[in-house]
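Structure first, commentary second.
The values are calculated or read from the model by the stated rules, or taken from the named source; none is laboratory data. Model, not experiment: these values are computed from the prediction. Because the Cβ atoms are built from the backbone with ideal geometry, glycine has one as well, and the counts that use them run over all protein chains shown.
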Amino acid sequence: MEGQIVEKDEMQEIVAEFIAESSELMENVIQDIVVIEENPDEEVVNSIFRAVHTIKGTSSFLGFATLSNLAHKGEDVLGMIRKKEMLPDREVTDVLLESFDLMKQLIDDIKEKGTEARETGSTIEKLERLTKADRKKIGEILVEEEAIKIDELVNALRKQKDDPQEKKLGEIIVDEKLVTEGQLKGFLSKQKTQKEEQTIRIDVRKLDELMNLVGELVLGKNRLILVNSIIKKDLNNNSTADSFADVTNYLESITNELQLSVMKARLVPISKLFNKVPRLVRDLCGESKKEIDLHIEGENTELDRSLIEALHDPLVHIIRNSLDHGVEMPEDRKKRGKQGKGILSMKAYNEGNHIIIEIYDDGNGIHLQAVKDKVREKGLMTDSELNVMTPKEVMNLIFIPGLSTAKKLSSVSGRGVGMDVVKTNIEKMNGQVYVDSVEGQWTRLIIKLPLTLAIMRALIVKVAEDLFAIPLSTVIELVKSREGLVKSIDKNDVLVLRDKVIPVIDLGKIYSFDAHEESDGYIVICIIGEKTIGIRIHSVIGQEEVVIKPLGEFLGNINGVGGATIRGDGKVILILDMPAVVANFGHQKRLLNN
Amino acid sequence: MQTILVIDDSSTIRKLLSYILRRKDFLVAEAEDGLDAMEKLSHVQADLIIVDLNMPNMDGLEFVKNLRNNYYYIDTPVIMLTTTKDENLRRDAFQAGVNMFLNKPVQPDVLLFKVESLLKGGE
């Protein structure tokens, strides 16, 4: 029918639009349904109804009959909730969630294969059963609440059968003046839903391209600054040099602003991720019979889109861990003098150029002795090493590969791969993760992430004849080295700084340059997670903004190197991957000791 | 060229209607709900309006009532998109000032027929 009026390529575009729109709608709907189970807010119910209604309408127009039929049945159930004829209790939301998940899969099918081939019969049957069963339900509730008598209900049901307008039972009961409309409406909580921001959809690839170009521009700007400083030296007090400096400054500030706004364009609120948590927690609680009070804070905190995607799996894992091994069963909690309902709270906030995400639970905490025993049993560390560790260092051993202290395995976590994968994933994003805990009381996991992946501030240092970039986010202090400052204890170099013993790494030794011992130079003090280390360098070049370029396929996995960057003078320098440097150092130390 | 304002909360429907109408050389403006449409009408002159019934913020019925209160739009033809068979609702919509109904799913030739006949009637 639309053959001549809508061209084929236009039709494709409409289908693409349909896929994008309905996927987004389904995302929202799945999040909202968990909300109405707790609090059947009228506005939220309406928006779910509208979304499903829209999908029904558009899919039937485009000829996706299976999807349209499923949406239609879902709409029937939602219509009854909207008219307050059905309570969105656990049973109802379970079926709705099942149907929404199925709708999402159908949309994905259409996106990938262009057709919808999926069995929907059993879900549709469940939805239908809800609408039929409910006729009795609202009546039963009214009788139970002693709002109406049994014979009044029977009467109303009979009237409903004969009613020419197919009125709903609730309406008839109100018409009969058995209850007021206000009573029927029951719950009326006015919560203003936020107005959506004005948005357009942009292909991420376009933004990536833009970000790449900005990266190149930053490199160009850095070169210009370098040339500018050379010219200044050569032409003292020359007006040409002054105007050149002006232009350079101007370009520098514009480039910085451009970089910031392109970066902002890629930022997405973390609610995209956090909104999925209530559903996850709900499902997990259902499986484990635990009870959880979930708190979410700072969901408007924004971070790079690619980080949001990469964070999904680690976050799911952390939450599963918290629920599985952290929060105890209600009866065990009461024995410990805690509330029966466990607390899980998630918080996101900005700290300088970083995003901090905290996940807290008031469960078991980390059993330090169990961690130590496990590490010893697996032969990952020796007793003497374990004995000198601070409690915090011991806690953070949970991130070592091949370690799982939970006694019982469950379907979702505790297979021994877990926290180490979380750590690896987060470090891939140039982030850090560490844990804090009080045994028997609580655990707090802290994730620290950069705002963006592509550009960062770094300290450029010289080791022997080579330059390295150290991410500035890890650097806390520079110490001028002098004779006798670095001492050797047990073949290990350490620095005593304000009564604190800090191990010192010599990059020259690790990367096997001509390691000529020099007493001058500097020690860069860095904090990585709970560890403080010093890095011995020969001189400091300065702070610079570096654009991170991957090393490419052939050089991809050099341990301790996170990437490379091009400096103003065109030279390529390596960017250190600090967590890996620290890990390497520990490894080497062990080899030396053996 | 005549301008048609399409009001629907579904971007798929808006895109679809726009394609059909642009093919017949109409200019198309889009709004995502009644409130947005009122805003658009303050700087777009529409010769005809196609509005969905069920929308967030301000629904179709509310929008038409508001529209007809504005002297400027007192006889601009309005087509309402709907799936409802509820006669009471249809009567209310007519009383509010809707000129014609168009059933969803939209049939392109029926849409164009209704649009063209309403625009001719006004001349």
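What are the residues in region A:366-385 that are more than 23 Å from A:V421 (Cα to Cα) and surrounded by 13 or more Cβ atoms within 10 Å (Cβ to Cβ), if any?
Hits for region A:366-385 are A:T382, A:E385.
Name, by its number, the condition in (1) on the phi > 0 side of the Ramachandran plot; (2) of a type in the set (D, E, K, R); (3) in contact (Cβ under 8 Å) with a residue 40 or more places away in the chain that does not hold for B:D47.
The number of the failed condition is (1).
I'd like the full set of residues that are closer than 16 Å to A:I455 by Cβ and in a strand (DSSP E or B), limited to region A:563-577.
A:G563, A:A564, A:T565, A:I566, A:I573, A:I575 - these are the residues of region A:563-577 that are closer than 16 Å to A:I455 by Cβ and in a strand (DSSP E or B).
Can you find even one residue in region A:390-397 that is part of a strand (DSSP E or B), in the same structural domain as A:S437 (by TED's automatic domain parsing) and within 25 Å of A:S473 (Cα to Cα)?
For region A:390-397, residues part of a strand (DSSP E or B), in the same structural domain as A:S437 (by TED's automatic domain parsing) and within 25 Å of A:S473 (Cα to Cα): absent.
Can you name the residue in region B:77-95 that is within 14 Å of chain A (Cβ to nearest Cβ) and either assigned to a helix (DSSP H, G or I) or in contact (Cβ under 8 Å) with a residue 40 or more places away in the chain (or both) and, of all such residues, is surrounded by the most Cβ atoms within 10 Å (Cβ to Cβ)?
It comes out as B:L81.
Given the residues B:L16, B:L27, which is the only one that is more than 10 Å from every other protein chain (Cβ to nearest Cβ) and either out of contact with any Pro (no Cβ under 6 Å at 6 or more places or on another chain) or buried (at least 17 other Cβ atoms within 10 Å of the Cβ) (or both)?
B:L27
Considering every residue within region A:513-527, establish whether at least one is hydroxyl-bearing (S, T, Y), at pLDDT below 80, surrounded by 10 or more Cβ atoms within 10 Å (Cβ to Cβ) and not assigned by TED's automatic domain parsing to the domain that holds A:L445. Before the answer, list the steps.
Going residue by residue through region A:513-527, those that are hydroxyl-bearing (S, T, Y) are A:519, A:522.
Subsequent filtering for residues that are at pLDDT below 80 retains A:519.
Checking which are surrounded by 10 or more Cβ atoms within 10 Å (Cβ to Cβ) leaves us with A:519.
Among the residues that remain, those that are also not assigned by TED's automatic domain parsing to the domain that holds A:L445 are: A:519.
Yes; the residues of region A:513-527 include at least one that is hydroxyl-bearing (S, T, Y), at pLDDT below 80, surrounded by 10 or more Cβ atoms within 10 Å (Cβ to Cβ) and not assigned by TED's automatic domain parsing to the domain that holds A:L445.
Return yes or no: is A:I124 in the same structural domain as A:A20 (by TED's automatic domain parsing), buried (at least 19 other Cβ atoms within 10 Å of the Cβ) and among the aliphatic types (A, V, I, L, M)?
no
Scan region B:96-118 for residues that are buried (at least 18 other Cβ atoms within 10 Å of the Cβ), within 11 Å of chain A (Cβ to nearest Cβ) and outside any loop (DSSP other than H, G, I, E, B) and report the count.
Count: 2.
In this structure, is A:G326 more than 11 Å from the chain's Cα centre (by Cα), on the phi > 0 side of the Ramachandran plot and surrounded by 18 or more Cβ atoms within 10 Å (Cβ to Cβ)?
No: the conditions fail for A:G326.
Given the conditions (1) away from chain A (no Cβ under 14 Å); (2) out of contact with any helix residue (DSSP H, G or I) (no Cβ under 8 Å at 6 or more places or on another chain); (3) touching a residue at least 12 places away in the same chain (Cβ under 8 Å), report the number of the one that B:K40 does not fulfil.
Only one criterion in (1) away from chain A (no Cβ under 14 Å); (2) out of contact with any helix residue (DSSP H, G or I) (no Cβ under 8 Å at 6 or more places or on another chain); (3) touching a residue at least 12 places away in the same chain (Cβ under 8 Å) is unmet by B:K40, namely (1).
Which is modelled with pLDDT under 85, within 20 Å of B:N57 (Cα to Cα) and of a type outside the set (S, T, Y), of A:E21, A:E42, A:E38?
The match here is A:E42.
Looking at B:K120, B:K114, which is the one that is under 25 Å from A:S60 (Cα atoms) and among the basic types (K, R)?
The match here is B:K114.
Counting only residues that are more than 17 Å from B:L118 (Cβ to Cβ) and more than 14 Å from every other protein chain (Cβ to nearest Cβ), which one in region B:43-61 is surrounded by the most Cβ atoms within 10 Å (Cβ to Cβ)?
B:L61
Residue check: is A:L96 at pLDDT 80 or above, away from every other protein chain (no Cβ under 14 Å) and surrounded by 18 or more Cβ atoms within 10 Å (Cβ to Cβ)? Break it down stepwise before answering.
Working: at pLDDT 80 or above: yes; away from every other protein chain (no Cβ under 14 Å): yes; surrounded by 18 or more Cβ atoms within 10 Å (Cβ to Cβ): yes.
It is true that A:L96 is at pLDDT 80 or above, away from every other protein chain (no Cβ under 14 Å) and surrounded by 18 or more Cβ atoms within 10 Å (Cβ to Cβ).
Test A:L102 against the criterion of being without any contact (Cβ under 8 Å) to a residue 40 or more places away in the chain, of a type outside the set (D, E), away from every other protein chain (no Cβ under 14 Å) and buried (at least 19 other Cβ atoms within 10 Å of the Cβ), and give yes or no.
yes
What is the residue count in region A:344-371 for residues that are over 30 Å from A:L260 (Cβ atoms), in contact (Cβ under 8 Å) with a residue 24 or more places away in the chain and not in a strand (DSSP E or B)?
9
Here's a check for you: in region B:1-13, which residue that is within 14 Å of the chain's Cα centre (by Cα) and crowded, with 21+ Cβ neighbours inside 10 Å is farthest from the other protein chains (Cβ to nearest Cβ)?
So, considering only residues that are within 14 Å of the chain's Cα centre (by Cα) and crowded, with 21+ Cβ neighbours inside 10 Å, the one farthest from the other protein chains (Cβ to nearest Cβ) is B:L5.
Hey, does region A:77-86 have a residue that's over 23 Å from A:R118 (Cα atoms) and among the acidic types (D, E)?
Here is the first cut: in region A:77-86, the residues over 23 Å from A:R118 (Cα atoms) are A:79-86.
Then keep just the ones that are among the acidic types (D, E); that gives A:85.
Yes.
Would you list the strands (runs of 3 or more DSSP E) that sit entirely within region A:241-314 and hold 1 or more residues that are outside the structural domain of A:L96 (by TED's automatic domain parsing) and buried (at least 18 other Cβ atoms within 10 Å of the Cβ)?
Working: elements: A:267-269, A:292-297, A:302-304.
It comes to A:292-297, A:302-304.
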